[in-house]
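The next block holds one structure in the form of structure tokens; read it before the comments.
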Amino acid sequence: MKIAVFASGNGSNFQALVDYFKKNQLSATIDWLFCDQPEAYVLQRAKKTGTAFTSFSPKEFASKSEYEQAILEELDNRGIDLIVLAGYMRIVGEDLLAVYENKMINIHPSLLPDFPGLHGIRDAFEAGVDETGVTVHYIDRGVDTGPIIRQEKVTIEKEDTLATLEEKIHQIEHRIFPEVIANLVNMGDVK
Ligand code: GAR
């Protein structure tokens with residue numbers, strides 16, 4: 001099975017996935033990184049890890065549909081079976097959904113359905129809730145609404161700052177995201 005990772009920024013989850021796949025014998029490979037932000041640090045990570053990568057921005061296209069068709073052409077050329085969204089900060093459109101519905105998995109830094117959107121960690125912190133967490137889920141037509149595969153909770157302690165909470169969330173992400181993807185791959189359970 002061939003996997004593509006989509007990311008927009010730092011790429012620490014991309015790194016965790018690549019490291020896990022290097023350490024463990026799996027019947028899948030991370031074949032391609034796509035990034036919609038041509039200056040993002042994740043591209044340096046792709047170079048260092050020897051992962052094939054492509055980056056272009058939707059701004060280079062007349063419409064979101066044309067942008068996604070350009071991505072689809074790359075996915076098709078590379079024979080990608082599964083897309084893993086690891087900090088891809090865009091809503092997936094109809095073109096990608098038409099081809100990869102049930103074959104796109106996202107990680108989100110909150111206990112969905114609470115705190116969807118771009119700032120899951122900050123929104124939970126500012127809301128003053130006692131716990132938040134991480135959700136891994138399939139992508140559907142809504143924003144962070146698809147079927148949930150795994151969730152893990154984290155307690156927000158009185159001493160926590162936004163920075164310490166972010167650190168706790170990222171640690172959970174880096175542990176559970178590769179595990180979930182590996183389980184799906186090994187069980188042949190990508191819908
Ligand atoms: C991660 O915390 C991920 O859950 C979040 O972006 C961060 C990317 O970090 N995704 C979303 O908020 C999606 N709505 P990374 O670039 O270091 O992997």
Go through the range 162-191 residue by residue and tally those that are β-branched (Val, Ile, Thr), closer than 19 Å to Leu118 by Cα and either part of a loop (DSSP other than H, G, I, E, B) or within 12 Å of the ligand (Cβ to nearest atom) (or both).
-> 2
Any chance the range 20-39 includes a residue that's within 19 Å of Arg150 (Cβ to Cβ), of a type outside the set (Lys, Arg) and in a helix (DSSP H, G or I)?
-> yes
Of the candidates Phe177, Phe115, the one satisfying the condition of being among the aromatic types (Phe, Trp, Tyr) and in contact with an Asp or Glu (Cβ under 7 Å, 6 or more places away or on another chain) is Phe115
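Would you point out the residue of the range 112-125, among those that are of a type outside the set (Gly, Ala, Ser) and not in a loop (DSSP other than H, G, I, E, B), that is surrounded by the fewest Cβ atoms within 10 Å (Cβ to Cβ)? Working first, answer last.
Looking only at the range 112-125, we keep the residues that are of a type outside the set (Gly, Ala, Ser), and these are 112-116, 118-119, 121-123, 125.
Among the residues that remain, those that are also not in a loop (DSSP other than H, G, I, E, B) are: 121-123, 125.
Details: Ile121: 20, Arg122: 15, Asp123: 17, Phe125: 21.
Once the filter is applied, the top-ranked residue is Arg122.
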Count, please, the residues in the range 126-147 that happen to be part of a loop (DSSP other than H, G, I, E, B) and either charged (D, E, K, R) or touching a Lys or Arg at 6+ places or on another chain (Cβ under 7 Å) (or both).
-> 4
Unmet criterion (only one of (1) modelled with pLDDT of 95 or more; (2) open to solvent by 60 Å² or more (accessible area, probe 1.4 Å); (3) touching a Pro at 6+ places or on another chain (Cβ under 9 Å)) for Val143 | (1)
Can you run down the residue pairs with Cβ atoms below 8 Å, 6 or more apart or on separate chains, where the first is in the range 10-28 and more than 16 Å from the ligand (Cβ to nearest atom) and the partner is open to solvent by 60 Å² or more (accessible area, probe 1.4 Å) and part of a helix (DSSP H, G or I)?
-> Leu26/Asn186; Ser27/Asn186
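Take Arg150 and tell me if it is among the charged types (D, E, K, R), in a strand (DSSP E or B) and either in contact with a helix residue (DSSP H, G or I) (Cβ under 7 Å, 6 or more places away or on another chain) or open to solvent by 30 Å² or more (accessible area, probe 1.4 Å) (or both).
In short, yes.
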List every residue pair whose Cβ atoms lie under 9 Å apart, where the two residues are 6 or more positions apart in sequence or sit on different chains, the first residue falls within the range 45-63 and is basic (Lys, Arg), and the second residue, located anywhere, is open to solvent by less than 40 Å² (accessible area, probe 1.4 Å).
-> Arg45/Ala7; Arg45/Gly11; Arg45/Ser12; Arg45/Phe14; Arg45/Val18; Arg45/Leu33; Arg45/Thr51; Lys59/Tyr67
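Could you tell me whether Ser27 is closer than 22 Å to Met187 by Cα and open to solvent by 40 Å² or more (accessible area, probe 1.4 Å)?
yes
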Counting only residues that are hydrophobic (A, V, I, L, M, F, W, C) and touching a residue at least 40 places away in the same chain (Cβ under 8 Å), which one in the range 130-153 is farthest from the ligand (Cβ to nearest atom)?
-> Ile149
Restricting attention to the range 82-109, and to residues there that are open to solvent by 70 Å² or more (accessible area, probe 1.4 Å) and either modelled with pLDDT under 95 or in a loop (DSSP other than H, G, I, E, B) (or both), which single residue is nearest to the ligand (Cβ to nearest atom)?
-> Met89
Residues being out of contact with any helix residue (DSSP H, G or I) (no Cβ under 9 Å at 6 or more places or on another chain) and open to solvent by 70 Å² or more (accessible area, probe 1.4 Å) - total across the range 126-140 = 1
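The values are calculated or read from the model by the stated rules, or taken from the named source; none is laboratory data. What you see is a predicted model; the values in this text were computed from it and never measured. We place every Cβ from the backbone using ideal geometry, glycine too, and count neighbours over all the protein chains shown. Heads up: the accessible areas ignore ligands, DNA and RNA and are worked out on the full protein's heavy atoms, side chains in. Shrake-Rupley method; radii C 1.70, N 1.55, O 1.52, S 1.80 Å.
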